[in-house]
Amino acid sequence: MGFFNSMNIAASGLTAQRLRMDTISENIANVNTTRTQHGAGGPYQRKTVLFETITDTDPFNLVFNNVFGTWGGLNPAHQGMGVRVSQIVEDDSAGPLVFDPTHPDAYREGPMEGYVRMPNVNIVEEMVNMISASRSYEANITAMQNFRTMTQRTLEIGQGR
């Protein structure tokens, strides 16, 4: 693991959490969107961000670690090099039905006449997810600040202070 890998790992976390917050913001912004342009044009479908671990795939590092082992005794296959977004998926669950016969997207006939299918976005759940993403973002910033402080102290020790 290189000297600046800690900074790169925290930076990857910052990027991933920022995209997660952007996706949550999109969900909140579309809480009342009953008509979309893509697909069948139905209500907005909530989106969720899925993460995956970035693993060290550098052939030299893999061979070196397999032959000589790692400093921490970790299996090289389990060494994370950060996180990335693997995909953004839509939640396929149906949203609630709200009775509003004057709404332009209300069903016009059948047993659901006068009802409107709303997006499957729950504001409370989205706000909890936003707080979680914000705290994760802050934790990555703290990790970067701690790494910077440790690096500065290391340089000070090298200067004989």
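Values in this text are rule-based calculations from the coordinates and carry no lab data. Here the structure is a predicted model, which means the values were calculated and not measured. Cβ coordinates were reconstructed from backbone atoms using ideal geometry, including for glycine residues, and neighbour counts include every protein chain displayed.
Of the candidates Y107, Y115, Y137, the single residue that is over 20 Å from T36 (Cα atoms) and among the aromatic types (F, W, Y) is Y137. Candidates in the stretch 88-114 are the residues that are touching a residue at least 40 places away in the same chain (Cβ under 8 Å) and surrounded by 13 or more Cβ atoms within 10 Å (Cβ to Cβ); of these, the one that is farthest from R46 (Cα to Cα) is H103. Of everything in the stretch 15-34 that's crowded, with 19+ Cβ neighbours inside 10 Å and either in contact with a Phe, Trp or Tyr (Cβ under 9 Å, 6 or more places away or on another chain) or among the aromatic types (F, W, Y) (or both), which residue is nearest to Y115 (Cα to Cα)? Going through the qualifying residues, I end up with T34.
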